[in-house]
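Inspection log for the structure reproduced underneath, given as structure tokens.
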Amino acid sequence: MNTATSAAAVLSGVKRFVGGQELEQHRQALIDRTDPNAPRILVCCGTGCKAVGSLDLLETMQNSVAASGAAIKVMPEVKRTGCHGFCSRGPLLTLQPEGLFYQRVKPEDAEEIVKQTVIGGELVKRLLYKPQGAKESIAKVGDIPFFAKQTKLVLKRVGRIDPFDINDSLVHGAYKALNKVLNEMSPDQVIEEIKNSKLRGRGGAGFPTGLKWESCSRQPGRHYVICNGDEGDPGAFMDASVMEGDPHAVLEGMAIAAYAMGSDRGFLYVRMEYPLAVQTLTRAIRQAEELGLIGDNILGTGFKFKVSVSTGAGAFVCGESSALMSSLEGKVGRPRPKYIRSTEKGFRDSPSNLNNVETYANVPEIILRGGAWYTGYGTERSAGTKVFSLTGNVHNVGLVEVPMGTSLREIVYGIGGGIPNKKELKAVQTGGPSGGCIPIPKKFLDINVGFGKLAEIGSMMGSGGMIVMDENICMVEVSRYFINFLVEESCGQCTPCREGLTRMKDILTRLTLGEGREGDVELLEEIGKFTNSFSLCGLGTSAANPVLSTIKYFREEYDAHIRDKKCPAGVCKPLYYYEIDPEKCTGCGLCRAKCPAKAVAGEKKKPHTIDQELCIKCMECYKNCKFDSIKIM
Amino acid sequence: MPEAEVMCQEPEVDFTLIDRIIRDDFNGNREAMIMMMQAIQRHYHFLPEPALHYLSQAISVPLTKIYEVATFYASFSLIPKGKHILHVCTGTACHLKGSGGMVKHIAGKLGIAPGGTTADKKFTLETVNCLGACAVSPVVVLDEKYHPKATVGLLNELIDQVNAE
Ligand SMILES: Cc1cc2nc3c(=O)[nH]c(=O)nc-3n(C[C@H](O)[C@H](O)[C@H](O)COP(=O)(O)O)c2cc1C
Ligand code: FES
């Protein structure tokens, strides 16, 4: 029998918990009826795996298991879960209790897995993960470096539970902390515990969460608790994975915050590009309300907290706190000056506490284990762990949770598995569009990632996007890209940001077209410093970071664009062309087959050539050549 | 909610539907205006003018405020869209894997700028900032179907397939 149905059966007998004891009894009943060693097949249905077809896999897996029902000794439960984290290897599948890990699984493989592994107890070797350069494959999750080197506090349940079933979360400890605060702690004690944990906001600025709660709680009037699920930084998806993979951790964190600040109303602001997160949270709220864990008279204590999900409408600036609150009110999201604090006058001009998704998700565990336990992870200034989304030119793309203070080397090489295609690591970009590019390997590979250190070297933590760049990434073009992004996303109300960004974009665009002039770099620096100094909100005051950090660390590349009219990385199209090295070309014809512009010509087994008139510089030939014969000139 | 219809010309606006969205789904709550507009857009694939006039009356918000919101947020469109919508992700991960070039290529092939719709109303080309599927970048979404690790070649195929319909 599928436990999803058995859980529903349990649920139908339960009305609302009218006391903490009932919740715990229900939890115990659920735990008693779930055998931790029962066979389970966990199919990752996070956004990354969904994009490569995991929903089809889930369905065929369920069908295959059902079809061979008679032959299977103990029927495994086929379960959908949130993101397992190893997104570049999707679709992913884990078999419990052994912890077998299959990757790049196609729906066609389902039957074989059932026959060979579930019934026969044998591995399907070709679906196992083999690290780059290794001879042997690894069968178990726990032995794969990508997983073994992580420390999962926030992501503890993500990828293990079915996010659509509250009972599965309850089995794994959800709402224990809420029960504890409502029955054993005063609001002040909760705030004290969070202060002790030294938890700092995970949305970017790193403001101490306990202090924010305290100052909000001291304000008179109705309080609001708001969760920032806007995750506007392109290339970052850790908040999405938490909302999609463990929605109750976020809801529980918010409810605890509401209790601490005396609030009865909360909002989750989620960007519209994350439909799965919206769907998962909405369902989770409904299920929690049915059980009396959210809503009126929670756990019979009289505490009331209503939550709803609001969606953004595609504006990056709405991640900023005051803009977010005005967007929640149904208005345009224009930030206001910082001296008006949201904790005093935020949403509906009332005291409002805004935290990031990951910040709230940290709260329940801190309450259960104590602030001191939390400070055992991380560094003096940055306690706990941080989830990064590791993307770009790195082998293992995915979600990575490590203690604060872990070195970039460990993240990029130890966990990320290094750089593909024998390329050199050039830089790591952190902090989203207004972060900075950290040059590597020159100086900073051993830098410890935390709030302070990143700011010192001209970048910032941001919300946790980490984009690895190899030698084929042009730093001038990257800063043009980010500045262009910010030009589009600037709300336009303050002059330094609106005009400064536009001027910088003009100059950078010129550089990438080969029309740079002497003095452009100095002008960029001047405008950049001005924009960073005098803009109204956080968007503008960090907007020039990508330009300033790349000028600081990659000045020679700017000079090459301006003086030699060359793009050394081979990115700025007018500044380079591809040529085939006749010495190396074997005439295999792969580039000719791959070229969408029909620009490659040549006979089989003879060196090919590229027609520069036809070439659209899409890089297909360069990326696909097995003999390294295509040169950037 | 009924199957979203794809409109090619200015559609007839169904006011009972708009009314249902405003009153039943969102209780006529002014703060939910953005979400009401999203619901209207989900149905018509853009924001038809008569619907916005109606909305303005129904929740007593000046039309200028509604247009302010409609033009501030990137996801709203005041002009009808094509039958097929092609989203190209231009988030950082996808950009680094060449999505900018793909946008240019499609724009050239279809003869429209990003955000534009072809004269035969078959295609609308849109860019989007990160879909959270960066692991399989560059990502292209045609009518809500994800195409991971897209290439210019694949895009040509997709477009030719639709054009051959
Ligand atoms: C332009 C801009 C965009 C932002 N985007 C986000 C975002 O997407 N997610 C987020 O959590 N915080 C974002 N922030 C930070 C928020 O303003 C705010 O500091 C944060 O949500 C507070 O939560 P925390 O204390 O838990 O970090 C952004 C800030 C600025 C200036
Ligand atoms: S950058 Fe394209 S999906 Fe994230």
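Structure notes:
- Residue selected from the range A:462-476 under the condition within 12 Å of chain B (Cβ to nearest Cβ) and in contact with a Leu (Cβ under 8 Å, 6 or more places away or on another chain), by the criterion surrounded by the fewest Cβ atoms within 10 Å (Cβ to Cβ): A:D470
- Checking each residue in the range A:248-269 for being under 9 Å from A:C227 (Cβ atoms) and in contact with an Asp or Glu (Cβ under 8 Å, 6 or more places away or on another chain) picks out only A:Y269.
- Residue within the range A:483-493 that is more than 10 Å from every other protein chain (Cβ to nearest Cβ) and either among the aromatic types (F, W, Y) or surrounded by fewer than 22 Cβ atoms within 10 Å (Cβ to Cβ) (or both) present: yes
- Subset of the range A:535-594 [in contact with a helix residue (DSSP H, G or I) (Cβ under 7 Å, 6 or more places away or on another chain), among the hydroxyl-bearing types (S, T, Y) and in a loop (DSSP other than H, G, I, E, B)]: A:S535, A:S542
- Filtering the range A:323-340 to residues that are of a type in the set (G, A, S) and buried (at least 24 other Cβ atoms within 10 Å of the Cβ) leaves A:A323, A:S327, A:G333.
- A:A383 being more than 25 Å from A:K130 (Cα to Cα) and more than 14 Å from chain B (Cβ to nearest Cβ): yes
- Filtered residues of the range A:385-409 (kept if in contact with an Asp or Glu (Cβ under 9 Å, 6 or more places away or on another chain) and not small (G, A, S)): A:T385, A:K386, A:V387, A:F388, A:N393, A:V394, A:V402, A:L408, A:R409
- The residues listed here are B:T118, B:T64, B:T127; of these, the one that is surrounded by fewer than 22 Cβ atoms within 10 Å (Cβ to Cβ) and in the same structural domain as B:M36 (by TED's automatic domain parsing) is B:T64.
- Residue selected from the range B:78-91 under the condition of a type in the set (V, I, T) and in contact (Cβ under 8 Å) with a residue 40 or more places away in the chain, by the criterion farthest from ligand 2 (Cβ to nearest atom): B:I85
- Inspection of the range B:104-119 identifies at least one residue that is of a type in the set (V, I, T), more than 16 Å from the chain's Cα centre (by Cα) and more than 24 Å from B:P11 (Cα to Cα).
- Selection from the range A:388-418 of residues that are over 16 Å from the mean Cα position of the chain (by Cα) and on the phi > 0 side of the Ramachandran plot: A:G405, A:G417, A:G418
- Each residue in the range A:11-67 was checked for being in contact with a Leu (Cβ under 9 Å, 6 or more places away or on another chain), within 14 Å of chain B (Cβ to nearest Cβ) and outside any helix (DSSP H, G or I), and 3 of them qualify.
A quick yes/no check of all residues on (1) assigned by TED's automatic domain parsing to the domain that holds A:R498; (2) within 8 Å of ligand 1 (Cβ to nearest atom); (3) in contact with a strand residue (DSSP E or B) (Cβ under 7 Å, 6 or more places away or on another chain); (4) free of Cβ contacts under 8 Å to residues at least 40 places away in the same chain:
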residue	(1), (2), (3), (4)
A:V309	no, no, yes, no
A:L324	no, yes, yes, no
A:P337	no, no, no, no
A:K345	no, no, no, yes
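- Residue within the range A:540-553 that is touching a residue at least 24 places away in the same chain (Cβ under 8 Å), surrounded by fewer than 17 Cβ atoms within 10 Å (Cβ to Cβ) and away from every other protein chain (no Cβ under 14 Å) present: yes
- Residues of the range A:341-366 that turn out to be surrounded by fewer than 24 Cβ atoms within 10 Å (Cβ to Cβ) and of a type in the set (V, I, T), as a count: 1
- Residues of the range A:513-523 that are part of a helix (DSSP H, G or I) and either surrounded by fewer than 19 Cβ atoms within 10 Å (Cβ to Cβ) or under 30 Å from the mean Cα position of the chain (by Cα) (or both): A:D520, A:E522, A:L523.
- The lone criterion from (1) away from ligand 2 (no atom under 16 Å from the Cβ); (2) buried (at least 24 other Cβ atoms within 10 Å of the Cβ); (3) farther than 21 Å from A:F207 by Cβ left unmet by A:A240 is number (1).
- Qualifying residue in the range B:142-165 (condition: farther than 25 Å from A:G90 by Cβ and touching a Lys or Arg at 6+ places or on another chain (Cβ under 6 Å)): no
- Consider the range B:106-135 and keep the residues that are out of contact with any Phe, Trp or Tyr (no Cβ under 8 Å at 6 or more places or on another chain) and of a type in the set (V, I, T). The one that is farthest from A:L55 (Cα to Cα) is B:T118.
- Residue match in the range A:202-209 (condition: surrounded by fewer than 24 Cβ atoms within 10 Å (Cβ to Cβ), at pLDDT 95 or above and under 18 Å from A:F316 (Cβ atoms)): no
- Subset tally (residues that are at pLDDT below 95 and either within 16 Å of ligand 2 (Cβ to nearest atom) or not in a loop (DSSP other than H, G, I, E, B) (or both)) for the range A:216-230: 1
- Residue that is surrounded by the most Cβ atoms within 10 Å (Cβ to Cβ), among those in the range B:136-163 that are free of Cβ contacts under 8 Å to residues at least 40 places away in the same chain, farther than 16 Å from B:I106 by Cα and not charged (D, E, K, R): B:V136
- Test result for A:G314, farther than 18 Å from B:G132 by Cβ and either in a loop (DSSP other than H, G, I, E, B) or away from every other protein chain (no Cβ under 14 Å) (or both): no
- Selection of first residues in the range A:183-200 that are within 17 Å of A:M404 (Cα to Cα) and of second residues that are of a type outside the set (G, A, S) and at pLDDT 95 or above, restricted to Cβ pairs under 6 Å at least 6 apart or on distinct chains, gives the following pairs, ordered by first then second residue: A:S197/A:I366; A:S197/A:Y374; A:K198/A:T375; A:L199/A:T209; A:L199/A:N362; A:R200/A:P208.
- Selected residue (criterion: farthest from ligand 2 (Cβ to nearest atom)) from residues of the range A:434-458 that are of a type in the set (G, A, S) and surrounded by fewer than 24 Cβ atoms within 10 Å (Cβ to Cβ): A:G452
- Top-ranked residue in the range A:386-404 [being among the β-branched types (V, I, T) and crowded, with 24+ Cβ neighbours inside 10 Å; ranked as farthest from the other protein chains (Cβ to nearest Cβ)]: A:V387
- Total residues in the range A:232-252, condition more than 8 Å from chain B (Cβ to nearest Cβ) and part of a loop (DSSP other than H, G, I, E, B): 1
The values are calculated or read from the model by the stated rules, or taken from the named source; none is laboratory data. All figures in this text were calculated on a predicted structure; none of them were measured in a lab. Neighbour counts are summed over all protein chains in view; Cβ atoms, including those assigned to glycine, are modelled from backbone coordinates with ideal geometry.
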